[in-house]
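**Student:** There's a structure below that I have some questions on.
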Amino acid sequence: MSDFDVIVIGGGPAGYPTAIRAGQNGLKVACIDEWKNYDGSTAFGGTCLNAGCIPSKALLESSELFHRAQAEFATHGIKTGAVAIDIAAMQKRKAGIVKTMTGGIVQLLKAAGVTALQGHGKLLAGRQVQFTAHDGGVKVFTAKHVVLASGSQPMPLKTAPFDGKHVVDSWGALEFASVPKRLGVIGAGVIGLELGSVWRRLGADVVVLEAMPAFLAMADQQLAKEALKHFKKQGLDLRLGAKVTAASVKGDVVEVSYTDAAGAAQSLTVDRLIVCIGRRPYTGNLLGEGTGVIVDERGFIKVDEHCRTDADNVWAVGDCVRGPMLAHKGKEEGVAVADRIAGLYAHVNYDAIPSVVYTAPEIAWVGATEEQVKASGREYKVGSFPFLASGRARAMEAGQGFAKVIVAKDDDQILGVHIIGPMAGELIAEAVLAMEYSASAEDLQRTIHAHPTLSEALHEAALAADKRAIDMPNR
Ligand code: FAD
Ligand code: NAI
C-alpha cells in the first residue's frame with residue numbers, strides 16, 4: 001500500500017491548489033515545499049506569494065498612491081502639502097501581506113486534510129518520493145500519483161551577472177531598502193515594466209534596456225503602442241534594440257555597456273541594475289535515476305495536453321511545463337490534474353488565459369491579437385472604445401487607453417479582447433468568461449452593463465464592432 005494517494009512537489013500557485021483539490025476529492029495527499037526566504041524563514045506559496053505576484057502588487061499599489069497624491073490630488077481639490085514616502089513602512093506593509101497570505105495557505109492545506117511538509121522533494125523510480133526536511137532528516141514515501149510543480153527561476157544574463165546587491169533579480173528589486181537614484185532595468189517585459197514603474201513612481205531615474213526592436217512583442221501592437229506612449233510620458237526611459245555587452249560593479253555603482261538599435265556602442269551608469277529577461281523552469285535535484293520523466297532541451301518537464309509526463313501517474317503543472325508562466329495557468333492545470341486523478345472530468349482552456357500587466361494604465365488581454373488574426377487569414381472586424389468617453393473613467397481621472405474587441409466576420413465570434421486603461425485586469429474577466437462560453441459580439445452587445453462603470457467600455461467596444469456604439473461616433 002502506498003503512503004499517499006498523491007504527493008505534490010512544490011507548494012506554489014500550481015502545487016498548493018493541486019493538493020487542496022486532491023484533498024477535497026477525498027484523497028490522501030502530501031505537499032512538499034522547500035521555499036526559504038532571505039531571512040531563513042520557510043513558507044508555502046512559492047514565487048507568486050513570496051517574491052512575485054503579491055509583493056509586486058503591494059508595491060505597485062503603494063507607489064501608485066504616492067504618485068497620485070503628488071500628481072493628481074490637487075486636481076480633485078485636495079491639498080496635502082509636501083508628500084513623502086517612508087520606504088521602510090511601505091516594505092513592512094508588503095511583508096505583512098505576504099506573511100498573512102502564505103500563512104493562509106498552510107491553513108487551507110490543513111483544512112483540506114493535506115499533510116504539509118517543508119523541505120526538498122525528489123522523485124525516485126517507481127513513484128517513490130525522497131523527502132529531505134530542512135533539518136536534514138530523510139524519509140522515503142510511496143505514492144499512487146506524483147505531481148511535479150517545481151516552478152521557475154529568473155534567467156541569468158552572462159554579461160550582467162547577479163551579485164545580490166547591485167545587480168539583482170526581481171526578488172532583489174522587491175526588497176530595495178531605499179529608492180535608487182539611478183535604476184537600470186534589463187528587459188522591458190512584464191517584470192521590467194511593473195518594477196520599473198514602482199521605482200520610477202517613487203523617484204528613481206529609470207532606464208530600461210530591451211533587446212528586441214519591438215515593444216511588448218507578445219501583445220496586440222495597437223495596445224503596445226498606446227502603452228509605450230504612457231510609459232514614456234511617465235518618464236520611463238525605454239531604449240529598444242539595446243543589447244547589453246557588459247555590466248560591472250565599480251564601487252557602489254554599476255557600469256553598463258550596450259549597443260543601441262543603430263549598433264553604436266553606449267554606456268550607462270546606474271546605482272542598481274535589475275535583470276529581468278525572462279524565467280526558466282526549475283527542476284534542480286528534482287528527478288532521480290530511472291523515473292521516466294523527460295525534460296526537454298529548454299529545461300521544461302515534457303507533458304501532454306493533460307499534464308501527463310512520460311512516466312505512469314506522474315504529472316507536472318505550472319511554470320515547470322510549457323505554456324505561459326502565470327499563476328492562474330498553473331492553478332488551473334493543478335486543479336485539473338487533481339480532478340483527473342480522482343477520475344473526474346477536467347479541462348483547461350489554453351485559448352482563454354488572460355494576461356495582465358499591472359502598470360498604470362493597466363494592460364490586459366485574452367485571445368488573439370489583431371496581428372495574429374490577420375495572419376490567420378480569417379476576416380474580422382474590430383470595435384474599440386476610448387476610456388476618455390467613459391463617464392466613470394473621467395470621474396476617476398483615468399480617461400486613458402481603450403477597450404478593443406476583435407470579432408470574426410463570418411460567425412461574429414469574439415477572437416480577442418485587448419484593454420489598456422483603468423482596472424483593465426478586472427475588466428478582462430468579463431471577456432474571458434465571454435470567450436469561455438464562445439460568445440459572439442452580439443452576446444456582449446445585448447448584455448446590460450451598469451452605468452456608470454468602466455465595463456461599459458467593453459460593451460461599447462462590442463457595439464462599435466458593428467458600428468452601433470452609442471456613446472461615441474462610429475467610424
Ligand atoms: P513557483 O511559484 O515557482 O513555486 C514552486 C515552488 O516549488 C517553490 O516554492 C519552490 O521552492 C518549490 N520547489 C521547487 N523544487 C522543489 C523540490 N524539489 N522540492 C520541494 N519544493 C520545491 N503571475 C501572475 O499570474 N500574475 C502576476 O501578477 C505575477 N507577477 C509576478 C511578479 C514577479 C516579480 C514574478 C517573479 C513572477 C510573477 N508572476 C505572476 C509569475 C508567477 O509568480 C508564476 O507563474 C507562478 O509563481 C508559478 O507557479 P508555480 O507553482 O508553477 O511555481
Ligand atoms: P518577459 O518574458 O515578460 O520579458 C523579458 C524581456 O526581456 C523581453 O521583452 C525580452 O525581449 C527581453 N530580453 C531578453 N533577453 C534580453 C537581453 N539580453 N537584453 C535585454 N532584453 C532582453 O520576462 P520577465 O519580465 O522576466 O518575467 C518573467 C515571467 O514572469 C513573465 O513572462 C510572466 O510570465 C511572469 N510575470 C507575470 C506578471 C503578470 O502576470 N503581471 C508579472 C511579472 C512576471
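**Student:** Under the Cβ-under-4.7 Å rule, which cysteines of the chain stay unpaired?
**Tutor:** CYS31, CYS276, CYS307, CYS320
**Student:** Which entries in the list LYS225/LYS404; LYS57/LYS99; LYS57/LYS404; LYS165/LYS250; LYS57/LYS92; LYS92/LYS181 go over 18 Å, if you measure between the two C-alpha atoms of each?
**Tutor:** As for pairs spanning more than 18 Å Cα to Cα, those are LYS57/LYS404; LYS92/LYS181.
**Student:** Related question: Can you give the Rg to Rh ratio for region 167-277, taking only C-alpha atoms and Rh from Kirkwood? Walk me through the numbers on the way to the answer.
**Tutor:** Numbers: Rg = 13.3 Å, Rh = 14.0 Å.
Looking at region 167-277, the ratio lands at 0.95.
**Student:** Compute the Rg to Rh ratio over region 6-136 from the alpha carbon atoms, using the Kirkwood formula for Rh, and round to two decimal places.
**Tutor:** Values: Rg = 19.8 Å, Rh = 16.9 Å.
Answer for region 6-136: 1.17.
**Student:** Hey, another quick one. Beyond 28 Å, what share of the Cα-Cα pairs of region 308-450 is found? Please give it as a whole percent.
**Tutor:** 30
**Student:** Which pairs in the list LYS28/LYS110; LYS233/LYS467; LYS36/LYS331 are over 23 Å apart, alpha-carbon to alpha-carbon?
**Tutor:** Table pairs above 23 Å Cα-Cα are LYS233/LYS467.
**Student:** Taking neighbour counts of Cβ atoms within 10 Å as a proxy for exposure, in what order, fewest first, do MET472, MET90 appear?
**Tutor:** Ascending number of Cβ neighbours within 10 Å: MET472, MET90.
**Student:** Let me ask something else about it. For every other residue with a beta carbon closer than 11 angstrom to the beta carbon of LEU463, add +1 if it is Lys or Arg and -1 if Asp or Glu, then tell me the sum.
**Tutor:** -2
**Student:** Would you mind classifying region 137-207 by shape? Square roots of the alpha carbon gyration tensor eigenvalues, ordered a ≥ b ≥ c; an a/c under 1.5 is rounded, otherwise it is prolate if a/b is larger than b/c and oblate if not.
**Tutor:** prolate
**Student:** How would you rank 204-213, 222-231, highest first, on the average number of other Cβ atoms within 10 Å across their residues?
**Tutor:** 204-213, 222-231
**Student:** Among residues other than PRO180 whose Cβ falls under 10 Å from its Cβ, what is the net charge (Lys/Arg +1, Asp/Glu -1)?
**Tutor:** Combined, the nearby Lys, Arg, Asp and Glu give +1.
**Student:** Still on this model: Under unit Cβ charges (Lys, Arg +1; Asp, Glu -1), what dipole magnitude, rounded to 20 debye, does the chain have relative to its Cα centre?
**Tutor:** Result for the chain is approximately 860 debye, rounded to the nearest 20.
**Student:** Continuing with this model, one more query. Need the C-alpha centroid separation for region 66-95 versus region 230-267, integer Å.
**Tutor:** For region 66-95 versus region 230-267, the Cα centre distance is 30 Å.
**Student:** Once you list every other residue whose beta carbon is under 11 Å from the beta carbon of SER2, what net charge do they have if Lys and Arg are +1 and Asp and Glu are -1? Before the final figure, lay out each step's value.
**Tutor:** Working: positive: LYS28, ARG127, LYS144; negative: ASP3, ASP5.
Taking every Cβ under 11 Å from that of SER2, the sum is +1.
**Student:** Here is a follow-up. Nearest 5 is fine: what % of DSSP beta bridges in the chain come out antiparallel, could you say?
**Tutor:** 60
**Student:** Restricting things to alpha carbons, tell me how big the chain is in terms of Rg and Dmax, in Å.
**Tutor:** 23.7, 71
**Student:** Let me ask something else about it. Work out from phi, with θ = phi - 60° and the Karplus expression 6.51 cos²θ - 1.76 cosθ + 1.60, the ³J(HN,Hα) of each residue of region 125-132, listed in order in whole Hz, and give x for Gly and Pro.
**Tutor:** 4, x, 6, 9, 10, 8, 10, 10
**Student:** Ok, one more. Among LYS158, LYS467, what is the fewest-to-most ranking by other Cβ atoms within 10 Å?
**Tutor:** On the way: LYS158 7, LYS467 11.
Ascending number of Cβ neighbours within 10 Å: LYS158, LYS467.
Quick note: the coordinates plus some simple rules give every number you see, no bench work behind them. From a predicted model like this one, the values you see are computed outputs, not experimental measurements. In this analysis, Cβ positions are derived from the backbone assuming ideal geometry, glycine residues included, and neighbour counts consider all displayed protein chains.
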